[in-house]
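Here's the structure, in structure tokens; my notes come after.
Taken together, the values in this text are just the output of simple stated rules run on the coordinates, not laboratory data. Computed from a predicted model, the values in this text were never measured in an experiment. Don't worry about glycine lacking a Cβ; one is built from the backbone with ideal geometry, like all the others, and counts go over all protein chains shown.
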Amino acid sequence: MSIDWEVAKVWFVVIALIAFNLPIGVAAWKFRNTTGLGEVLQEKDTEGNDTGALSYSRVTGLIGAVVVASLFWVMSNVAIAIAILDPTELPDILNGVTKLFFVGAALFLPYAFNQLKSLVQ
């Protein structure tokens, strides 16, 4: 009896992706009932108290965090699969996605400028 290595590779990918995604799924399940997000996204005064106004920079920072985390998660899944199925393609894929991470990081700029403004004041 011989081992069909192409089938074995697919099973290795499935096992690796389950091992990678299971903790993420468990964390997402536990965070599903998180409350108080509206308070976190409100503008703060100089003493750190909520002003009642929604902060544009905090909202865009949250969106940026979700986008960058999602991109990182998806590309991690792709990298795991490619590393097992065709490792020679992995450097090209990782070099190509680097530009996407820099663009995604730009979503944090409004929040960063707001924090710098707070430091100067």
Scalar couplings 3J(HN,Hα) for the stretch 31-46 by Karplus 6.51 cos²θ - 1.76 cosθ + 1.60 (θ = phi - 60°), nearest whole Hz, x for Gly and Pro, are 8, 5, 9, 5, 10, x, 5, x, 5, 5, 8, 7, 5, 10, 8, 5
The answer for GluC sites (Glu not before Pro) in the stretch 1-106 that fall in a DSSP coil and have at most 16 neighbouring Cβ atoms within 10 Å is 47
Cα extents of the chain along the principal axes, largest first, in whole Å, come to 73, 33, 16
Diffing the stretch 112-120: the Karplus 3J(HN,Hα) column from phi (6.51, -1.76, 1.60, θ = phi - 60°), in whole Hz with x for Gly and Pro, holds 4, 5, 5, 5, 5, 4, 5, 5, 6
Extension length gain for residue 112 and residue 59 (0.36 nm per residue less Cα distance), in nm, is 17.9 nm
Once phi for every residue in the stretch 91-98 is put through the Karplus expression 6.51 cos²θ - 1.76 cosθ + 1.60 (θ = phi - 60°), the whole-Hz ³J(HN,Hα) values, with Gly and Pro written as x, are x, 5, 5, 5, 5, x, 7, 4
